[in-house]
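See structure below.
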């Protein structure tokens with residue numbers, strides 16, 4: 001295949017618009033006569049509502065309407081399950097409980113909406129919130145995921161016998177017999193706590209109802225505009241063709257924006273129709289801390305069986321996953337954890353059992369990493385512990401267990417997040433490890449530099465850590481490629497864009513087939529009026545699933561171009577070249593036609609065309625994989641820590657990524673940089689602190705610490721390309737890769753830096769305070 | 001959230017007790033107090049303006065006094081709700097006589113907070129509550145001394 005454009009470091013088509021403030025975000029949508037909504041949210045995490053009095057709010061000057069669940073009547077019912085049905089693993093338990101637009105009787109987490117005020121301005125709406133009077137009956141709170149599953153726990157959902165949302169066991173081989181033949185058994189417990197995605201742009205929705213044409217237009221910060229369109233049409237009793245959902249530029253998705261339907265997504269369009277006025281709601285930051293979904297809460301009890309020379313015989317992992325008050329997103333996150341608990345290793349025996357617990361906390365749905373960092377944290381912490389116990393170098397023990405290049409496709413015999421078989425399609429894991437070791441100078445550091453640092457009394461540690469990322473899952477995405485009369489290429493797809501560089505990497509894929517400039521390919525993403533089918537941007541799948549649909553559609557258009565040009569130029573198709581927006585006969589450059597002229601010929605205004613001819617140079621194609629490709633990478637870090645303050649300085653950060661064919665290294669590196677920033681946050685900065693009553697104690701950026709640019713190290717990114725055999729382009733996803741291994745890598749590096757503390761880190765996120773406590777305890781122990 | 005401390009009053013225990021049990025006095029002492037209504041000898045309602053960090057708002061509250069052993073000890077059950085959150089707490093007060101007509105008050109309690117007070121104000125809550133407590137007790141002590149004079 002011609003590689004002129006794919007793989008090139010092309011600067012982004014979208015950047016001029018983004019950098020000059022010309023890109024449209026949801027909050028930029030301002031319509032005549034637009035009203036503004038503000039949400040009255042519960043301050044209690046668990047309480048029964050005794051009474052609601054909105055009369056004063058309704059009477060407030062400038063208030064248009066106030067709605068409660070009662071006012072909404074029969075229209076107030078839960079959102080649809082997002083992932084349905086649950087997987088068909090034997091004896092699976094799944095209790096589906098979903099959020100409602102407005103809560104009628106019982107509050108299940110702080111931040112749930114009890115009433116909505118619509119007013120002439122947001123200021124008035126917010127003022128009116130203060131006039132709403134609610135009488136609560138506080139209930140005992142379910143805050144801890146382990147206590148949640150104890151028999152005497154208060155219930156989040158009174159109609160269930162317990163807080164068990166789901167239970168699922170997956171097995172491979174026979175762990176018990178592996179255990180019996182093991183030389184060494186290692187058991188540990190790991191706790192992983194919650195963080196928030198903290199996208200720069202909060203959520204927002206603008207809905208406009210046109211009563212005359214009975215058409216609804218919704219601008220929504222969603223990662224899934226097409227499913228939102230379909231769901232809204234069903235909910236509101238409208239034809240899908242009468243609902244248009246636009247996901248314009250979005251300031252960061254990171255997963256929580258693939259969640260649907262948020263209460264506000266059910267409410268705002270309903271209000272616009274009810275009031276026959278455009279309605280806008282923009283989430284503020286504090287709302288975001290309560291109402292936008294979160295992730296990461298799990299507790300693992302793990303056991304691993306090893307031979308004396310470090311070969312893994314098996315793993316048994318029991319874990320509890322916190323889903324918060326509802327579980328609209330099914331089992332995606334804990335299934336991802338299961339898929340990653342074996343890392344990139346050849347592990348013959350595996351038993352994993354998880355229980356999902358309802359708690360009185362914000363709903364949990366995938367957030368960049370989506371269960372994967374937990375799995376990698378568990379396996380890689382265990383590998384570090386095993387290396388120490390067995391007296392084997394930590395790189396060496398990993399090398400001995402990595403899946404070998406000739407073992408692909410490597411079948412695990414369990415199911416993944418998409419209920420497809422967990423199969424690692426391809427890879428060259430040891431090569432990626434070697435590349436990283438070389439780049440970071442592992443041998444030299446261990447043998448020369450570290451002893452020198454230690455002699456100087458400096459605590460500088462190194463970490464090296466492999467990880468897998470399951471990516472590019474189905475079901476499908478589509479793309480339509482059209483050569484317009486101008487000769488420019490119009491492309492549309494259903495996936496939305498939240499900063500991934502879609503306008504460039506997709507354009508490269510299309511431009512390569514059609515022989516045009518990347519800047520001449522105009523991409524439209526996330527607008528249901530432009531493309532009718534799709535599932536969304538999630539699971540590191542854009543470049544894989546939508547990318548291959550682009551490729552397929554562009555290939556079809558190329559064929560149409562060649563067929564028509566062959567007739568016009570009177571030359572066989574094999575002799576034609578597409579270049580610079582022209583079709584040329586290879587040996588006779590003066591015999592050529594522009595794509596613009598060809599497009600006009602393909603869509604004549606008069607005359608006759610052959611029967612069966614489709615007009616235009618246009619094609620629509622879809623791509624859906626049977627299962628997703630699995631990417632692999634290795635991160636390495638050298639960091640210094642001051643044991644007095646536990647403040648860190650990252651001296652080196654090296655990433656080697658193998659995500660198959662690289663579409664654009666610039667965009668790929670950007671994805672990795674962003675991922676590492678989130679990963680570092682997960683490792684040492686960001687944590688949501690809930691008290692024992694599930695009250696969030698740090699719901700602002702005063703107290704929730706994000707990684708700033710000054711904390712970010714320079715990241716060196718290296719690439720290896722093992723093409724995926726599953727798709728034409730050979731791509732694998734990379735969207736979450738940067739974030740996945742960081743907490744585990746950080747723990748390994750800190751243990752190495754604080755070598756004289758005999759440290760064993762079994763929790764994440766850490767922070768300087770907490771690390772100081774652990775180090776002091778372990779040192780005195 | 002736990003709260004505890006002690007305070008030495010410049011007056012005899014009976015006098016301190018009398019002032020503590022007088023809603024009019026309490027209203028003047030407690031910073032931000034706007035109203036105090038006596039429901040019964042052991043139950044009061046009222047409104048207090050509280051400022052915690054970036055938030056200020058009125059708390060409508062109720063105080064119930066129980067396990068009363070005059071002039072020595074009692075238990076206070078407090079609940080307050082307002083636009084900036086809610087508070088529920090139980091506290092114990094114990095007073096012992098000191099030499100030279102002085103009284104030592106020890107207080108300890110536990111509060112549950114929610115809403116903005118918790119989510120944005122928790123870091124300041126401890127400091128604010130301690131400073132409000134100190135300000136109130138200082139004022140009370142002032143009354144005590146002026147009554148004695």
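Each reported figure results from applying straightforward, stated rules to the coordinates on display, with no laboratory input. Because the structure is a prediction, the values reported are computed rather than measured. Note that we place each Cβ from the backbone using ideal geometry, even for glycine, and neighbour counts take in every protein chain shown.
Quick look at the numbers
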| quantity | calculated |
| --- | --- |
| Estimated translational D of segment A:240-279 in µm²/s (Stokes, Kirkwood radius over Cα pairs; 37 °C; 0.692 mPa s) | 275 |
| Two-decimal Rg/Rh across segment A:452-563, once Rg and the Kirkwood Rh are taken from alpha-carbon atoms | 1.27 |
| Debye equation applied to the C-alpha atoms of segment A:372-477, log10 I(q)/I(0) at 0.12, 0.16, 0.20 Å⁻¹ | -0.55, -0.88, -1.20 |
| Whole-angstrom Cα spans of segment A:501-567 along principal axes, big to small | 42, 22, 20 |
| A:584, A:296 arranged by Cβ crowding within 10 Å, fewest neighbours leading | A:584, A:296 |
| Whole-Å distance, taken between Cα centres, linking segment A:524-564 and segment A:228-303 | 24 |
| Enclosed volume per residue, in Å³, of the convex hull spanned by Cα atoms of segment A:81-150 | 150 |
| Span from the segment A:457-472 Cα centroid across to the segment A:91-157 one, whole angstrom | 39 |
| Computed over the protein assembly as shown, the ratio Rg/Rh where both radii use C-alpha atoms and Rh is Kirkwood | 1.03 |
| Shape of segment A:99-258, Cα gyration tensor, a/c cut at 1.5 | prolate |
| For A:388, A:687, A:560, order by how many other beta-carbon atoms lie within 10 Å, fewest first | A:388, A:560, A:687 |
| Alpha-carbon Debye profile of segment B:2-148, log10 I(q)/I(0) at 0.13, 0.15, 0.16 Å⁻¹ | -0.57, -0.76, -0.86 |
| For segment A:1-131, radius of gyration divided by Kirkwood radius, i.e. Rg to Rh on alpha-carbons | 1.18 |
| Distance between modelled label sites at residue B:72 and residue B:139, nm, 7 Å Cα→Cβ extension | 3.1 |
| With Cα atoms, 0 to 90° folded angle of helix B:122-148 axis to chain B main axis | 30 |
| Helix-derived mean residue ellipticity, 222 nm - over chain A, DSSP H n ≥ 4, -39500 (n - 2.57), to 500 | -7500 deg cm²/dmol |
| Kirkwood estimate for segment A:169-278, i.e. one over the average of 1/r between Cα atoms, Å | 17.2 |
| Span from the segment A:426-448 Cα centroid across to the segment A:376-392 one, whole angstrom | 18 |
| Taking A:104, B:28, A:732, A:212 and counting other C-beta atoms within 10 Å, the order from fewest to most | A:212, A:104, B:28, A:732 |
| Pairwise Cα inverse-distance average, inverted: Kirkwood Rh of segment A:686-734 (Å) | 15.3 |
| All-pairs Cα distance distribution in segment A:599-687, expressed in whole percent, bin size 10 Å | 11, 25, 19, 14, 12, 10, 6, 3, 0 |
